[in-house]
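The structure appears below as structure tokens.
Laboratory data are not the source of any read-out in this text; all were calculated from the coordinates shown. Predicted, not measured: the structure shown is a model, and the values here were computed from it. FYI the Cβ positions are ideal-geometry reconstructions off the backbone, even for glycines, and counts take in every protein chain you see.
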Amino acid sequence: MEIGEIVRRAAQRFGPAPALVYGDRMMTFTDLDKATDRVGNALLATGLRAGDRVGVLLPNGIDGLVVFYALAKAGLVRVPLNVRETPSDHAYKLTDSGSRAVIGEQADDFGVPTISTAFDSPTLTSVMACGPDVPCAVPRHPDVPFRLGYTGGTTGRPKAVTLTMRCEHAEIASFLIDLLPDVRPGDRMLHAAPVVHASGAFVLPHLIRGATNIIMDKFEPSRFLEELERQAATATFLVPTMIAMVLDDPNADSINAPTLRRLCYGASPIAPALVERAMAAFGPKLAQTYGQAEAPMAITCLQPDEHDRVGSAGRPYTLVEVRVVDDDDRPLPPGAEGEVVTRGQHIFAGYWNRPADTAEVIRDGWVHTGDIGTFDDDGFLYLRDRKSDMIISGGYNVYPREVEDILVSHPAVREAAVVGLPDERWGERVHAVVVLRQDVPIDEILDYAAGRIARFKRPKSGEVWDGPTLPKSPAGKILRRAVRDRCRAGEIAVP
């Protein structure tokens, strides 16, 4: 079934009920269906054709979700852009994807030559209100691109993960079978995290069941606690960083959320101590989902009644296969550590225009996650480490090379290694280790980097390496893991 048809069918079943809420604004299921038709038709009227890529740069709110599902109806491929990133980040993704249009608060083609259409917010608002609402339904094969999501590898060069409608269907099914099995009409999902990121995966499962998606413009711990109670939320999703911020809020001692049945979390590592604090505050309502961009949001799930297994990522989703394998891709027995691989309808189709990278990650139908883990005798997965050097801080991917390139552009820095260190609030914090040409305060280096990179990528701590050079491989490559291991072992004093 087309994703656009899911929106249309929900309108037929739940018509006047609230589908989306944002502040004082409410959109019914019927309104959502009509608005997505109008925007889809308007985009096609500009000359866009099925399969064209369209960048979407909108903040949390109703408009972004209308655009998401308008693109689905029009057969266009969504390229989500994060408002927290820089214009150069946006330009790179639009160029790499060959996008032909961009929709944002301000009309801007970011200097990308393939962009022929730029919709700003006033234009979008006008189209949603009075454009033609004849049904927009461009058919799309379930295995052609539906949306692109940018991730990256150890080099820090972002790659577009190609997700199909089949992937989308599988993710929805997994959520409704395992993570959110009791969603029903009248339920209320509170989105405090960006819907362009992991929280967006919770929209369609709730929409399908006739529940309301309530969107916050931004996350603030005290506001989140107020909205949780005021909106009578039945479910929400937070990354571990947000959970830590909520529990540190002065109002955390008086959490009142009697309607809440599921506090879902994921998207980054979580400290066992934080899980225990959250369970003490919210009760047995936590549900963890483990996934990655290449196998979105649905590899394993830890149910609320399974949180006595602190540190576990749970068991495989019902429709998903998961193995732990050795370096020759041979399955390993419980207790043995190896790479986590997964197979199922949810996995990505490949990296956009990168066949060699795709072949490296998808082998014999299995996605190789780069995560190191082990199963226990009961089939619960425990993640130990990652093969790649990617850092997940506050639910966002940070690629060391990008930050290192900024650091070494400072005239006093000879070498730099950026690593992730355990952090109760951020899951991992970005930590910079530098070798200096001249003696300057580490705070100067960190301030220098902070002014040249997106906020969530900025190093939160730093250290000067005690030696003339960072550890390197025989080929001369800096060994980030050796740096990280020494930092974690306390051989470098971490502020």
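Put simply, the convex hull of the Cα atoms in the stretch 391-489 casts, on average, a shadow of 6.2 nm². Evaluated at q = 0.08, 0.10, 0.14, 0.15 Å⁻¹, the base-10 log of the normalised Debye intensity for the stretch 3-375, with identical point scatterers placed on the Cα atoms, takes the values -0.40, -0.63, -1.26, -1.42. For the chain, DSSP calls about 60 percent of its internal beta bridges antiparallel. In this structure the amide hydrogen of Tyr396, modeled in the peptide plane, comes within under 5 Å of no amide hydrogen from residues 5 or more places off or on another chain.
Toward the positive end of the charge dipole of the stretch 344-495, with +1 on the Cβ of Lys and Arg and -1 on the Cβ of Asp and Glu, the farthest Cα among Trp352, Ile392, Pro471 is that of Trp352.
Computed about the Cα centre, the dipole magnitude for the chain is approximately 920 debye when only Lys and Arg (+1) and Asp and Glu (-1) carry charge, each at its Cβ.
For the chain, the mean residue ellipticity at 222 nm estimated from helices alone is -8500 deg cm²/dmol, where every DSSP H run of n ≥ 4 contributes -39500 (n - 2.57) and the total is divided by all residues, rounded to the nearest 500.
Put simply, the convex hull of the Cα atoms in the stretch 327-458 casts, on average, a shadow of 10.9 nm².
For the ranges 430-443, 132-145, what's the packing order if you count other beta-carbon atoms within 10 Å of each residue, average per peptide, and put the highest first? It would help to have the intermediate numbers written out before the result.
Values: 430-443: 17.5, 132-145: 14.9.
With the highest mean Cβ count within 10 Å placed first, the list reads 430-443, 132-145.
Annotation: amide H of Ala19 within the under-5 Å range of Met27, Thr28, Phe29, sequence separation 5 or more or interchain, hydrogens built in the peptide plane.
Of the peptides 102-110, 63-71, the order by per-residue mean of other Cβ atoms within 10 Å, starting with the highest, comes out as 63-71, 102-110.
Between 0 and 90 degrees, the angle of helix 87-97 with respect to the longest Cα principal axis of the chain falls at about 70 degrees. In the stretch 370-473, Cα pairs under 8 Å separated by at least six residues give a relative contact order of 22 percent. When the Debye formula is applied to the Cα atoms of the stretch 159-275, each taken as the same point scatterer, what base-10 log of I(q)/I(0) results at q = 0.13, 0.18, 0.19, 0.21 Å⁻¹? For the stretch 159-275 at q = 0.13, 0.18, 0.19, 0.21 Å⁻¹, log10 I(q)/I(0) is -0.51, -0.96, -1.06, -1.25. Sequence-ordered 3J(HN,Hα) estimates for the stretch 130-135 from the Karplus curve with 6.51, -1.76 and 1.60 and θ = phi - 60° stand at 9, x, x, 9, 5, x Hz, glycine and proline given as x.
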